[in-house]
Amino acid sequence: MDRMDLERIIRQEIINSLFQTQEFLVVGNWKMNKTKQEVIEFLNKISGYDFGQKNTVVVAPPNPYLYLFEEKLRYTKVLYGVQNFYPEEKGAFTGEISLAMARDFGCKYAIVGHSERRTIFMECDEFTSRKVEFCIKNSIKPILCIGENLKQRKEEDYKQFLVNQIKEGLSLIGENELSNIIIAYEPIWAIGTGETATPEQVEETHMFIRKFLIDHFGSEIGKEIPLLYGGSVKPSNVKELALAESVSGFLIGGASLNAQSFIEINDILNGK
Ligand code: 13P
């Protein structure tokens, strides 16, 4: 074994022991994927798996499968949530589901303001803020997604764009409710493209967002709001991304669809 090998092994050991204590929030966003049979197979694989105690593990499946999650995950530590809902109690909103329905099936989280909702379904900041507010009223934790596109990234003012998305997204909730909020930074150019932001890019943006949260909401709460990264996260890059400062966890699309890679990511974040 040469010196480089030895250094690599020592570095891995240090990282593993760091990850054995650091708490992460790991969220899988399945988007519009999977058949009933595939969901059952996935749940059978993860329901008996030991995800450890320190991390929070969440999956957001398509709504028709929530009953399977309720059935199969009831006695496990894996939590689940919805990818979308309509911010009203009930009524004439054809095609939508309410948070009361999500709660009925045991959901604890909701993804809000995902770039796919913003770009494909034209959901604006104002509507996103109503959804965040509605989550809080219904005791569901909103995962507020923010992120710039490639053009904005190149135009340098993307950081101001991200700050505006946060300000608008949180505009209807009070300061004492901020402890229930999660923010996910998902650069649009890295979603489903295989092109991950580098750990340096993630760290720079996360530290900028963290500073904004502290300056804007005060250091006590600003330091605590979980800040996730999302965009082509997979077993092969999650370790380096998790080392980036101010990363509290991940919002994972493609790699959360496969039970094995979802477990592998969780193992890495447990220092296994
Ligand atoms: P991918 O991990 O497939 O890039 O998706 C990221 C995402 O949009 C999660 O919400």
Exercise. For segment 102-139, enumerate the residues that are touching a Phe, Trp or Tyr at 6+ places or on another chain (Cβ under 8 Å), in a helix (DSSP H, G or I) and closer than 18 Å to Val58 by Cα.
Key: Ala102
Quiz prompt | Search result, residues across segment 60-85 that are assigned to a loop (DSSP other than H, G, I, E, B) and crowded, with 19+ Cβ neighbours inside 10 Å | solution = Pro61, Gln83, Asn84, Phe85
Exercise. Give the residue that is nearest to the ligand (Cβ to nearest atom), with candidates limited to residues of segment 205-237 that are aliphatic (A, V, I, L, M) and touching a Leu at 6+ places or on another chain (Cβ under 7 Å).
Key: Val233
Self-check item: Residue match in segment 252-261 (condition: over 16 Å from Leu25 (Cβ atoms), within 11 Å of the ligand (Cβ to nearest atom) and not in a loop (DSSP other than H, G, I, E, B))
Solution: yes
Quiz item: Inside segment 1-30, can you point out the residues that are part of a loop (DSSP other than H, G, I, E, B) and surrounded by 14 or more Cβ atoms within 10 Å (Cβ to Cβ)?
Solution: Gln22, Phe24, Trp30
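Listed here are the residues, each with its yes/no results for (1) touching a Pro at 6+ places or on another chain (Cβ under 7 Å); (2) away from the ligand (no atom under 12 Å from the Cβ); (3) without any contact (Cβ under 8 Å) to a residue 40 or more places away in the chain; (4) not basic (Lys, Arg).
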site: Ser129; (1), (2), (3), (4): no, yes, no, yes
site: Pro142; (1), (2), (3), (4): no, yes, no, yes
site: Cys145; (1), (2), (3), (4): no, no, no, yes
site: Asp157; (1), (2), (3), (4): no, yes, yes, yes
site: Ser179; (1), (2), (3), (4): no, yes, no, yes
site: Ala184; (1), (2), (3), (4): no, no, no, yes
site: Ile191; (1), (2), (3), (4): no, no, no, yes
site: Thr196; (1), (2), (3), (4): no, no, no, yes
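Each value in this text was obtained by applying a stated rule to the coordinates, not by laboratory testing. Because the structure is predicted, anything quoted here is derived from the model rather than measured. Here the Cβ is made from the backbone with ideal geometry for all residues, glycine too, and neighbour counts use every protein chain on show.
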